[in-house]
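Everything below concerns the one structure shown next.
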Amino acid sequence: MKEYVSLLRQGSKSAALAAVVNLVIALVKGGAFLLTGNVAMFAETMHSFGDAANQLFVYVGSALSKKAPTERFPGGFGRAVNLVLLGAVLIVGILAYETIREGITHLAHPSESGGLWISITVLALGCILEAFVLLKAMREIAHESDSGAKGLAVIPMSFAHVKRAKPATKLVFMEDLVATSGGLVAIIAILIAAYTPFYQAEGIASIIIGGMMFLVVGRVFLDNAAGVIGEADEEMADKIGNILFADKDVRDVQEMTVVKEGESFHVEATLEIDPTITVADADDIRDRLEAQILEHRGVTDVTIEFDEDDKTQAWKSKE
């Protein structure tokens, strides 16, 4: 039991915060929906419950991925977060379907909703809280991508470097970006329905919000399906390959592979060196290079093999 408590402490802090915030928002929106019967509010309630569930899964998955390798699973649990997220998208997918279905029903049978200012207040509060979590996710992307961005610069940077973020951070960023946008769409639809006879606006908003949820489901599914299989990270491979190629004892980089598993990177390289050096010297070179690579954020495992120099350069940087 102590082991799991210790693992939970290592889970994604942004995912844990997002799960709590979205659960509170979902309960408040649910109460507002019961009071007003507003379809756009129903869509936002489903959205927030889906985000809360998804981010709870992310938090648990990111914690389990830190579990040390065992005899049964010598490769570790790095891909646990990807497996957990594949399950989580099912929940969000079901909620997205219900949101779109409710919107279509409202289009066919439009009706006037009450409690205008209750709805606007609740949604505005939700947008503010979602924006707070989104900003925190943006700062984590800046940290995880080593961009060095600070202040308002983290906003454009987060969109440019989101692919470099950990799976948990990436999911929180995408979901809260959609949640903030969805809240604004719902507010606009409620105002239109309140001040014009176009009551179908709330149904349209519900369909748009459900569609955005499906976009998140699709993106998360594709990213984590690749993670479960084991996706090569060419950018990281090129970066590490250049470092190895620049070493004084390395004649060439014959093969270079970096596989991303959850939040971890596994590096495998075949290097060409002087064939006349001793085994002891080659071992010292390996130890030095492995230690250098392990200093990179997220790299947890390095395997280096040596081959004799064939006098033909194979390494070509993609930079």
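Summary table
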{"read-out": "Nearest-ten-degree value, helix 200-229 long axis tilted from longest Cα axis of the chain", "value": "20 degrees"}
{"read-out": "Relative contact order of the range 1-157, defined on C-alpha pairs under 8 angstrom at six or more residues apart (%)", "value": "26 percent"}
{"read-out": "Interchain or long-range residues, amide H under 5 Å from SER12's placed H", "value": "SER62, ALA63"}
{"read-out": "Accessible area of the range 14-85 divided out per residue, in Å², using a probe of 1.4 angstrom", "value": "40 Å²"}
{"read-out": "Computed [θ] at 222 nm, helices only, for the chain once each DSSP H run of length n ≥ 4 contributes -39500 (n - 2.57)", "value": "-23000 deg cm²/dmol"}
{"read-out": "Directionally averaged shadow of the chain, computed from the convex hull of its alpha-carbon atoms, nm²", "value": "19.9 nm²"}
{"read-out": "Range in the chain, longest, excluding exposed trypsin sites (Lys or Arg not before Pro) [loop by DSSP; at most 15 other beta-carbon atoms within 10 Å]", "value": "151-247"}
{"read-out": "Over the range 58-140, equivalent-ellipsoid semi-axes from the Cα gyration tensor in Å", "value": "40, 20, 8"}
{"read-out": "The range 61-78 - phi-based ³J(HN,Hα) in whole Hz, Karplus 6.51/-1.76/1.60, Gly and Pro as x", "value": "x, 5, 6, 5, 5, 7, 4, 5, x, 10, 5, 6, 10, x, x, x, 10, x"}
{"read-out": "Built amide H within the under 5 Å cut-off of ARG251, gap 5+", "value": "GLU272, ILE273, ASP274"}
{"read-out": "Loop-located chymotrypsin sites (Phe, Trp or Tyr not before Pro) in the range 180-217, at most 14 other Cβ atoms within 10 Å (DSSP)", "value": "PHE198"}
{"read-out": "Qualifying GluC sites (Glu not before Pro) for the range 105-159 [loop in DSSP, other Cβ within 10 Å: at most 12]", "value": "GLU112"}
{"read-out": "Rounded to whole Hz, the Karplus (6.51, -1.76, 1.60) HN-Hα couplings of the range 179-184, x for glycine and proline", "value": "5, 5, 5, x, x, 5"}
{"read-out": "Fraction of accessible area attributable to carbon and sulfur, the range 160-228 (%, probe 1.4 Å)", "value": "77 percent"}
{"read-out": "Candidates ALA282, ALA186, ALA194: whichever shows maximal mean-square fluctuation once the chain is modelled as a Gaussian network with Cα springs under 10 Å", "value": "ALA282"}
{"read-out": "Set of lysines with alpha-carbon distance to LYS29 below 16 Å, sequence-local pairs under 8 removed", "value": "none"}
{"read-out": "Average accessible area per residue (Å²) across the range 128-180 - probe 1.4 Å, nucleic acids and ligands excluded", "value": "47 Å²"}
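The values are calculated or read from the model by the stated rules, or taken from the named source; none is laboratory data. Just so it is clear, the structure is predicted and the values come from calculations on it, not from any experiment. Quick reminder, even Gly has a Cβ in these numbers, built from the backbone with ideal geometry, and neighbours come from all protein chains shown. Surface areas here come from the heavy atoms of the whole protein model, side chains and all, with no ligands, DNA or RNA. Shrake-Rupley method; radii C 1.70, N 1.55, O 1.52, S 1.80 Å.
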